[in-house]
Amino acid sequence: MSKYSKSEEFEFLLKSEKFLVDYEVVASLQEEGLTQEDFVEICTRLKRAPNRTELGMFGVMWSEHCCYRNSRPLLANFPTQGSRVLVGPGENAGVVDLGEGQRLAFKIESHNHPSALEPFQGAATGVGGILRDIFTMGARPIAVLNALRFGPLEDNHNIALLEGVVAGIAHYGNCVGVPTIGGEVSFDESYSGNPLVNAMALGLMETSEIVCSGAHGVGNSVIYVGSTTGRDGMGGASFASSELTNSSLDDRPAVQVGDPFLEKSLIEACLEVFKSGDVIAAQDMGAAGLTCSCSEMAAKGGVGIEIDLDLVPEREASMTPYEYLLSESQERMLFVVHPDSEEAVIKKFTRWGLRVKVVGKVLKENLVRVLHKNKIVAELPASALADDTPVNKHRLLTNPPDYIKKHWAWNENQLPAINIDGISVLSTNSLLQKLSWNEVTLKLLDNPTIASKQWIYSQYDYQVQNNTIIPPGSADASVIRLRPQESSVGCNLNRGIAAVVDCPNRWTYLDPERGSKAAVVEAARNLSCVGSQPLAVTDNLNFPSPETEVGYWQLAMACRGLSEACQIFETPVTGGNVSLYNETKLSNGTVNPIQPTPVVGMVGLIENLDNVCGLGWMHDTDSIWLLGIPLETSKSYDQRITLSATSYLEFIHGQVTGRPPEIDLQLELTVQKFLRKAIAKGFINSAHDLSDGGLAIALAECCISSDFGANCEIPNSNHRLDRLLFGEGGSRILITVSNDKLSEWEKFIEDNLRQVNDYLINKIGSVQSQQELVIKQNGKVIVNLQADKMKSTFNDSIYNKIHSRHSSSI
């Protein structure tokens, strides 16, 4: 340990004749997102001072976006290995074995900051980037999902962000010919000005050869393929690792511009070239562009790469080495090939109308050497850029922060009294307003976070490639057929993949550990509801600044929850993304952080598509069962279903408070295993988990998604009636069973569940041909809603809110 302070070391270095520091370079530290301590470290490693170009390279590679300098120690605790995992964290995408010669590549990435400034291009290039991560592994992209967050739709700026992001996702996905099959969208004031745009992609491969990114073979050629290099996207990685401010509009050049038609050619050309066996390594030029692709390929292969910028295809004149190396122009890739294969590879790419050029070679020394106009303009150790990067140390709070303690002190007794007819709540003008349970239910169905996302997904082509089994909004998870890519002769055409993205951001704000566990178990529950066996996870950790004690505590607790849940569910984390500094600094200096949003992307395997379940009722008179913790709980389960942290509490009472219910991971496993087995045996006609809004909203959603109604009875209880109707938690799922199978069904329950836990399944009603939802207690009707009213409220909510704002602004 040095006897000098960091500031003293910095001052000493500036005055040292040994380092010959350029003061113009030092003046650029803040611009590059680097600290004085970073500069001292760079000089110590190089045994000299960096030039301006080299400083820019360190700036992007040592950013949180590229090297996870704040989160790496936390990520190291994730379970990453499993019997099906073929490729885990560290490559462009994770890969799992599906059996029968098929493998699935999948990953999730964020494009939050770019989408805040240029929502259309920010979202579009987010889709393009995640697709490149997939086909760079040698997999054909087969599906895209997204997880989105916006501020309330009462603000025209938030509406503009929503419209731009959705249009960008639709444009890129539709043009490139990959279906956008699902996702999730929520709205909260904390995302105003800092929306979240997380894109997940899946790809199928049928070869034992997985294309990785580590270069090897001294003297092998480095080939540039794709679009030309321009000044768009300059410094995007550093930009993504800082908070948004009023001056962030000046960073619009850091937002890339995409071309989905060129990407389509790139997909086909890459998959064709990969089949030839000529490609040794491949890397997408995403964040940090040429700098990242060169340094990561060199570091992972334990070799070096030399690149000549004069050979790089450019679209703008007089570009500097700094601009070449930090440009994030889209649809570009770097390959390592044998010199003998150059001509064949170039010919294949040229046939697809792509720019292709040999721009460098593999070196023996583990460094990145950059040439420009016959001079060396940068020469840096590859490991210093990509592997041996700094880790920021943070103090972890030993106790929850004060804001958490205050929220956890809340209890249901603080709510107004209720009766069987409804509840009195404070209106916007602070007057008491009486709401019936019908009105409460409709009010929740009308909330954009709960309401149908039809306005959004109707803009996506979710049927392209003709493999989508369940369209968006029809089931708890998206399902696509595993159609063989090469030949279908002798192949099982009745297998599928289910995928979902999930995060209860309100829960993670109020308890990051429980909320993150809930993200994993709800994702697994959604997969189980369609009959899919959960396999693995990719995560996107969207958080505020880790440089505050509260921000780092939120991140650390969320990672702890994710790790434990993934371990218990045997769903290893194969990769993902960390997006920090998601907060907006206002002109008065106030910082508005987002709610912590650890998005879980999970994939599952379906062995028989004939048994896939949707959420809508299927047959008149089917019996409706509640699987999971019952409405009238025993004391041991008393706090597993609550009104704390619920949609009801927020959207009806205007309070985001309380502690989310505790999650029993073993009970979740029991419930989900039973459900999957019941679906496989053909007992289950429909399945839908209880999530936002609890039982009443889940029942309403099942009615809305079908041509039937439901008649249900809830038990007498010591608990509040609103807790029975709208409480959340409890590992609960609504399922329906045909009456002609009831005797077999009862035996199946006895053999597979009641011996484990006698409380976990109860009949609560039946499907009816009359299209209305009826919920009774002691024979008295509590909720009675016509299906047409529920459908119009639920399906038109987002459209109506957007267009009412447009109308009022004219």
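Quick notes
- Of all residue pairs spaced 6 or more apart or on separate chains, those with beta-carbon atoms under 6 Å, a first member in the range 341-353 that is more than 16 Å from ALA281 (Cα to Cα) and a second member that is assigned to a helix (DSSP H, G or I) and open to solvent by 40 Å² or more (accessible area, probe 1.4 Å) are LYS348/GLU272.
- The range 327-365, subset in a helix (DSSP H, G or I) and of a type in the set (Ser, Thr, Tyr), residue most open to solvent (accessible area, probe 1.4 Å): THR350
- Restricted to strands (runs of 3 or more DSSP E) entirely inside the range 698-800, those with at least 2 residues that are modelled with pLDDT under 95 are 761-768.
- In the range 390-411 there is at least one residue that is in a loop (DSSP other than H, G, I, E, B) and in contact with a Cys (Cβ under 9 Å, 6 or more places away or on another chain).
- Looking only at the range 689-709, residues that are farther than 20 Å from SER528 by Cβ, in contact with an Asp or Glu (Cβ under 8 Å, 6 or more places away or on another chain) and either aliphatic (A, V, I, L, M) or open to solvent by 10 Å² or more (accessible area, probe 1.4 Å) (or both) come to 1 in all.
- Hits in the range 39-63 - residues which are over 17 Å from MET234 (Cβ atoms) and open to solvent by 10 Å² or more (accessible area, probe 1.4 Å): VAL40, GLU41, THR44, ARG45, LEU46, LYS47, ARG48, ALA49, ASN51
- Scope the range 527-546; condition in a helix (DSSP H, G or I) and small (Gly, Ala, Ser); matching residues: SER528
- The condition (being touching a Pro at 6+ places or on another chain (Cβ under 9 Å) and of a type outside the set (S, T, N, Q)) is satisfied by just one residue among LYS780, LYS801: LYS801.
- Screening the candidates GLY94, GLY129, GLY138 for the property of being of a type outside the set (Phe, Trp, Tyr) and at positive phi yields one hit, GLY138.
- When residues of the range 477-526 are limited to those that are in a loop (DSSP other than H, G, I, E, B) and within 22 Å of the chain's Cα centre (by Cα), the one farthest from LEU627 (Cα to Cα): ASP511
- Strands (runs of 3 or more DSSP E) within the range 547-617 that include 2 or more residues closer than 16 Å to ALA76 by Cβ and either at pLDDT 95 or above or acidic (Asp, Glu) (or both): 573-579
- Applying the condition of being surrounded by fewer than 20 Cβ atoms within 10 Å (Cβ to Cβ) and touching a residue at least 60 places away in the same chain (Cβ under 8 Å) to the range 747-760 and asking which residue is nearest to LEU162 (Cα to Cα) yields TYR759.
Quick grid of which residues meet (1) under 12 Å from VAL336 (Cα atoms); (2) open to solvent by 10 Å² or more (accessible area, probe 1.4 Å):
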residue: PRO260; (1), (2): no, no
residue: SER265; (1), (2): no, yes
residue: GLU272; (1), (2): no, yes
residue: ASP278; (1), (2): yes, yes
residue: SER293; (1), (2): yes, no
residue: GLU296; (1), (2): no, yes
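- Taking residues in the range 401-427 that are touching a residue at least 24 places away in the same chain (Cβ under 8 Å), and partners anywhere that are open to solvent by 20 Å² or more (accessible area, probe 1.4 Å) and in a loop (DSSP other than H, G, I, E, B), the pairs with Cβ atoms closer than 7 Å and at least 6 places apart or on different chains are HIS407/ARG659; TRP408/ARG659; GLU412/ARG720; ILE418/ARG720; ILE423/PRO416; VAL425/PRO416.
- Criterion applied to THR584, THR621, THR548 was being surrounded by fewer than 24 Cβ atoms within 10 Å (Cβ to Cβ), of a type outside the set (D, E, K, R) and out of contact with any strand residue (DSSP E or B) (no Cβ under 7 Å at 6 or more places or on another chain), and the one residue passing it is THR548.
- Qualifying residues in the range 657-684 (those that are surrounded by fewer than 19 Cβ atoms within 10 Å (Cβ to Cβ) and of a type in the set (A, V, I, L, M, F, W, C)) - the one nearest to ILE418 (Cα to Cα): LEU665
The values are calculated or read from the model by the stated rules, or taken from the named source; none is laboratory data. On a predicted model such as this, the values are computed, not experimentally measured, just so you know. Using ideal geometry, Cβ is built from the backbone for each residue, glycine included, and neighbour counts are taken over all protein chains shown. Accessible surface is based on the protein model in full, side chains and every heavy atom, while ligands, DNA and RNA are left aside. Shrake-Rupley method; radii C 1.70, N 1.55, O 1.52, S 1.80 Å.
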